[in-house]
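Here the structure comes first, spelled out in structure tokens, and everything after it is commentary.
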Amino acid sequence: MATPAHWIQGARPRTLPAAVAPVVAGTALAVYDGHEVWWKAALALVVSLALQVAVNYANDYSDGIRGTDDERVGPLRLVGSGLATPGAVKRAAFVSFGVAGAAGVALAATTAWWLLAVGLLCVLAAWFYTGGSKPYGYLGLGELMVFVFFGLVAVVGTTYVQTESWEPLGWASLAAGTGVGALACAILVANNLRDIPTDTVSGKMTLAVRLGERRTRLSFVLLVAIAAAALVVLALLTTWWALLGLGFLVPALAGARTVLGGAQGPALIPVLQQTGVAELGWAVLAGLGLVLA
């Protein structure tokens with residue numbers, strides 16, 4: 001069975017930032033609007049964290065049984081390394097999905113039942129990223145789905161369950177979701193850039209494999225630029241205090257220098273951490289500006 005130690009070993013560098021950042025950004029918008037509901041924010045965080053853990057376990061299981069992780073450069077995988085059996089990791093994924101589902105049902109019951117459909121789509125997207133006979137993560141669609149579900153859906157959803165209205169923050173929440181989602185994608189881009197050699201051999205046709213090394217490096221920088229532009233749009237729609245979020249550029253540009261400098265393999269692992277800090281910094285600092293306003 002997967003133990004707490006296994007959870008730590010199986011976690012990805014993007015787990016905490018990708019789970020916390022959208023909830024922080026979405027809740028900060030609700031505070032700015034004067035309609036924050038803290039217990040709903042807490043439930044949204046449970047959903048986000050549980051889905052991230054579930055994705056980690058699901059990817060570990062699916063990649064492990066396919067043999068994709070047999071020659072892995074990045075953080076240790078449970079199935080690929082033999083630390084846990086495929087069955088144990090699969091069960092851990094389903095338990096995590098169950099936790100996310102329970103919190104999601106509570107949010108839907110107190111907000112709108114159609115949110116259950118959104119939650120189901122999130123679960124399906126999480127499982128079929130590397131699961132099933134034709135996982136979309138092997139077709140170069142991983143970044144798109146990360147942007148949609150861990151950016152737009154997560155931020156807009158967090159704001160909506162608290163304000164229970166699209167107006168007046170709908171466009172602002174989309175801007176925040178774009179910024180957070182772009183940086184979540186940048187983490188995945190750096191991860192897949194590192195794995196281009198092994199993914200090519202195993203037949204995992206990620207976007208990085210399809211684009212090639214040079215264009216993948218440029219796409220990382222483009223995503224950082226999109227996150228900065230989204231922050232400016234958010235400030236235009238709300239308050240200039242939101243520009244405090246530009247502090248995210250400190251770790252993000254450090255990662256970009258490493259990526260553009262031609263780093264490969266293990267040398268790219270710090271970029272995952274720097275970009276994760278940048279994503280969380282974007283949400284926390286911009287959120288602080290919204291709260292101050």
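The values are calculated or read from the model by the stated rules, or taken from the named source; none is laboratory data. Everything quoted here is computed from the prediction, not taken from an experiment. Glycine gets a Cβ as well: all are built from the backbone with ideal geometry, and neighbour counts include every protein chain shown.
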For this session: Evaluate segment 109-127: report whether one residue or more is within 21 Å of residue 220 (Cα to Cα) and in contact with a helix residue (DSSP H, G or I) (Cβ under 8 Å, 6 or more places away or on another chain).
Result: no
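Condition check ((1) without any contact (Cβ under 8 Å) to a residue 60 or more places away in the chain; (2) under 22 Å from residue 54 (Cα atoms); (3) surrounded by fewer than 16 Cβ atoms within 10 Å (Cβ to Cβ)) across all residues:
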position	(1), (2), (3)
108	yes, yes, no
113	yes, no, yes
130	no, yes, no
168	no, no, yes
Exercise. In this structure, is residue 180 over 21 Å from residue 276 (Cβ atoms), touching a residue at least 60 places away in the same chain (Cβ under 8 Å), buried (at least 24 other Cβ atoms within 10 Å of the Cβ) and not aromatic (Phe, Trp, Tyr)?
Worked result: no
For this session: Scan segment 30-40 and give yes if some residue there is surrounded by fewer than 18 Cβ atoms within 10 Å (Cβ to Cβ), farther than 29 Å from residue 238 by Cβ, in contact with a helix residue (DSSP H, G or I) (Cβ under 6 Å, 6 or more places away or on another chain) and modelled with pLDDT under 95, otherwise no.
Result: no
Exercise. Out of all the residues in segment 259-267, is one or more touching a Pro at 6+ places or on another chain (Cβ under 7 Å) and either farther than 19 Å from residue 155 by Cα or surrounded by fewer than 22 Cβ atoms within 10 Å (Cβ to Cβ) (or both)?
Worked result: no
Seminar exercise, completed: Checking 238, 206, 198, 216 in turn, the sole residue that is among the hydroxyl-bearing types (Ser, Thr, Tyr), within 24 Å of residue 144 (Cβ to Cβ) and surrounded by 22 or more Cβ atoms within 10 Å (Cβ to Cβ) turns out to be 206
Problem set entry | Residues that are surrounded by fewer than 19 Cβ atoms within 10 Å (Cβ to Cβ) and of a type outside the set (A, V, I, L, M, F, W, C), drawn from segment 91-106 | 91, 98
Seminar exercise, completed: Note on segment 149-178: residues assigned to a helix (DSSP H, G or I), over 16 Å from residue 232 (Cα atoms) and of a type in the set (S, T, N, Q) are 158, 159, 162, 163
